[in-house]
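Remarks on the structure that follows.
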Amino acid sequence: MKTTRRGFVRAGAGALGVSLAPRLARGQAPRNPTGGGFDVAVLGAGVFGSWTALELQRGGRRVALIDAYGPGNARASSGGQSRVIRMGYGDQEIYTRWSMRSLERWKALFGESGRGDQFQAAGVLWMAREQDPLTTKTLETLARLGVSHQRLDRSQLAARWPQIELGPITWAIHEPDSGYLMAFRAVQTVAQAAIAAGAVYVQEGIQPPAGRGALTSVTTRSGQSIHAKTFVFACGPWLPKLFPDLLGDRIFPTRQEVFYIGVPPGDDRFQSPAMPVWVDFAEEIYGLPDVEGRGFKVAPDRHGPPIDPDSVERVPTAETMARVHEFVGRRFPALKNAPILSAEVCQYENTSNGDFLLDRHPEHANAWLVGGGSGHGFKHGPAVGEYVAARIADGGPVDSKFSLATKQPVQNRTVF
Ligand SMILES: Cc1cc2nc3c(=O)[nH]c(=O)nc-3n(C[C@H](O)[C@H](O)[C@H](O)COP(=O)(O)OP(=O)(O)OC[C@H]3O[C@@H](n4cnc5c(N)ncnc54)[C@H](O)[C@@H]3O)c2cc1C
């Protein structure tokens, strides 16, 4: 590591996979390289914080981006190998619009960063039953908004994907232009772009802010102050730990397990293009094709038990493994008894109904609460960043859908 003219100490290229990432030296306060405090300090460099920092910095603000463990770290909700980007959202048209906008922005960023492989248009298949209100509403919304899609009946599905045992599935929607994002690497690409644009990255934990009224600074775990005019707390599942009184019963971090199943040797039926991303919301499960030889990904979407993102041991449970084996053997018979190659234990940071939380803190007028991704937020990182940056710039009110006031202390999921 060496000291830079900004007074930071640069980490080696491998520390984050982000070669531009300086670390805060022990006993050294982060400073705005052009003098004074920062315009905005973004706390948390997950997908929401990194995109917000990028938007703000490119919009001319002087931004500090701070993360306790690093962009896309293995504890973060953004830390997995891959994340689905689909346009379908039932009748929740705003999320379809945000997915459409976000996909454009992801592709543009990957194009300019030379990381075009971090989005793959593998297609997304929505498996549906005869009576399937969510998928029926999705079909209507996709048609109304002009999203490329196809409705397929059972015989068409069987002909195109014979490796899927359809069981109760009688029809499906195929979104050919959707697919998956390489999650933790994509977050690092965003953070790297923010740093390249001039944002100062610091790897440090932030202490919960004390008192009331406008904040002038936040304090790192090592006791340094970071001064800014505006603060964006984009701490994902850690938000209830930072603001226990306010969010302790409004954001529910739940344990979620993801499995990578080994496919038979030489069998390409579970890779793209033979296999799309698929979702079966009636069975609360979804999956992705085998990417980079890691295995065929299968992830139960049902909310798990409460989790502490700092201290939980990230090893899967026998119960979920058994459920995944049973489902895979039934829906993908060629993978019956196929081994689990690896697993990820992550967490959703659920709001009461699945709508994001993008609002000002009620007691710190210059602080923003940005989170509540609720198991579907990754794809929307670009739209979230644009939205938050725009509200910081115009001072305007937030949509009630994203407001703190609409977040209840009970869980009643309505966004899928
Ligand atoms: C298993 C799983 C599958 C998912 N699948 C999909 C999917 O297919 N498609 C999709 O769109 N979404 C999906 N999601 C949801 C999506 O990944 C999340 O909604 C999104 O990543 C949340 O991002 P975030 O930036 O809010 O939080 P995070 O990524 O958790 O980022 C928060 C950051 O804050 C930092 N931090 C926390 N506390 C502090 C502190 N005190 N000081 C400094 N830094 C701090 C952390 O280190 C972390 O990096 C999935 C989530 C999981 C867990």
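Out of all Cα-Cα pairs in region 297-416, roughly what percent, to the nearest whole number, are more than 25 Å apart?
41
If the only charges are +1 at each Lys and Arg Cβ and -1 at each Asp and Glu Cβ, what is the size of the charge dipole of region 278-416 around the Cα centre, to the nearest 20 debye?
I would put it at about 340 debye.
Do you know the relative contact order of the chain, to the nearest whole percent, from alpha carbon pairs under 8 angstrom that are 6+ apart?
Once divided by the residue count of the chain, the mean separation gives 22 percent.
Would you mind telling me the share, in percent, of accessible area of the chain contributed by carbon and sulfur at probe 1.4 angstrom?
In the chain, the share of accessible area belonging to carbon and sulfur is 50 percent.
Give me the percent relative contact order of region 221-328, please, defined on Cα pairs under 8 angstrom at least 6 residues apart.
Over region 221-328, the number comes to 24 percent.
Check Leu341: other-chain or 5+ apart residues with amide H under 5 Å from its amide H, H built from backbone geometry?
Tyr260, Ile261, Gly262
What number comes out for the charge environment of Arg413, summing +1 per Lys or Arg and -1 per Asp or Glu over other residues with Cβ under 11 Å away?
Net of charged neighbours comes to -2.
Placing +1 at every Lys and Arg Cβ and -1 at every Asp and Glu Cβ, with all other atoms neutral, what dipole size does region 205-260 have around its Cα centre, in debye to the nearest 20?
In debye, rounded to 20, region 205-260 gives about 160.
By how many degrees, 0 to 90 and rounded to 10, does the Cα axis of helix 183-196 deviate from the longest principal axis of the chain?
30
Consider just the alpha-carbon atoms of region 91-144 and return their Rg together with their Dmax, both in angstrom.
In Å, with Rg to one decimal and Dmax whole: 14.3, 44.
Remind me, relative contact order of region 89-183 in percent, using alpha carbon pairs under 8 angstrom and six or more residues apart?
Reported relative contact order: 39 percent.
Accessible area per residue for the chain in Å², computed with a 1.4 Å probe and the full protein assembly in place, what is it?
39
Report the local net charge at Ile85: Lys and Arg +1, Asp and Glu -1, summed over other residues whose C-beta lies under 12 Å from its C-beta.
Once all neighbours under 12 Å are counted, the net charge is +3.
If you take the alpha carbon radius of gyration of the chain and divide it by 2.2 N^0.38 Å, what ratio comes out, to two decimals?
Computed over Cα atoms of the chain, the ratio equals 0.98.
For Asp245 paired with Arg101, estimate the spin-label separation in nm (one decimal), with each label point 7 Å from Cα along the Cα-to-Cβ line.
The modelled label-to-label distance comes out at 3.4 nm.
Under 11 Å from a point 7 Å along the Cα-to-Cβ line of Glu319: which residues of region 287-309 have their amide N that close?
What the label zone holds, given the 11 Å backbone N cut-off, is 304-306.
Region 51-96: Rg/Rh from Cα coordinates, Kirkwood Rh?
For region 51-96, the value is 1.10.
For region 201-304, what are the per-bin percents of Cα-Cα distances with bins 5 Å wide, up to the bin holding the maximum?
Computed distribution, short to long bins: 2, 10, 14, 13, 10, 9, 9, 10, 11, 7, 3, 1, 0.
Sorted from largest down, what three extents in whole angstroms do the Cα atoms of region 74-165 have along their principal axes?
Dimensions of region 74-165 along the principal axes of its Cα atoms: 42, 32, 27 Å.
Cβ under 9 Å from Thr230's Cβ, Thr230 left aside: what net charge do those residues give with Lys, Arg +1 and Asp, Glu -1?
Local charge sum for Thr230: +1.
Against the longest alpha carbon principal axis of the chain, how many degrees, from 0 to 90 and to the nearest 10, is the axis of helix 318-331 turned?
So the inclination is approximately 40 degrees.
Compute, for the chain, the length of the dipole vector about the Cα centre, with Cβ point charges of +1 (Lys, Arg) and -1 (Asp, Glu) only. Units Debye, rounded to 20.
Charge dipole of the chain: 1260 debye, to the nearest 20.
Can you figure out the FRET efficiency of Leu145 with Glu112, using R₀ = 22 Å and their beta-carbon distance, to the nearest 0.05?
With a Förster radius of 22 Å, E is 0.25.
Which whole-percent values make up P(r) of region 277-326 when all C-alpha to C-alpha distances are grouped in 5 Å steps starting at zero?
5, 15, 23, 24, 20, 12, 1
I need the calculated FRET efficiency for the pair Arg221 and Glu363, taking r as the beta carbon distance and R₀ as 22 Å, to the nearest 0.05.
0.45
The values are calculated or read from the model by the stated rules, or taken from the named source; none is laboratory data. Because the structure is a prediction, the values reported are computed rather than measured. Here Cβ is always computed from backbone atoms with ideal geometry, including for glycine, and neighbour counts include all displayed protein chains. Surface accessibility is based on the protein's heavy atoms, side chains included, excluding ligands, DNA and RNA. Shrake-Rupley method; radii C 1.70, N 1.55, O 1.52, S 1.80 Å.
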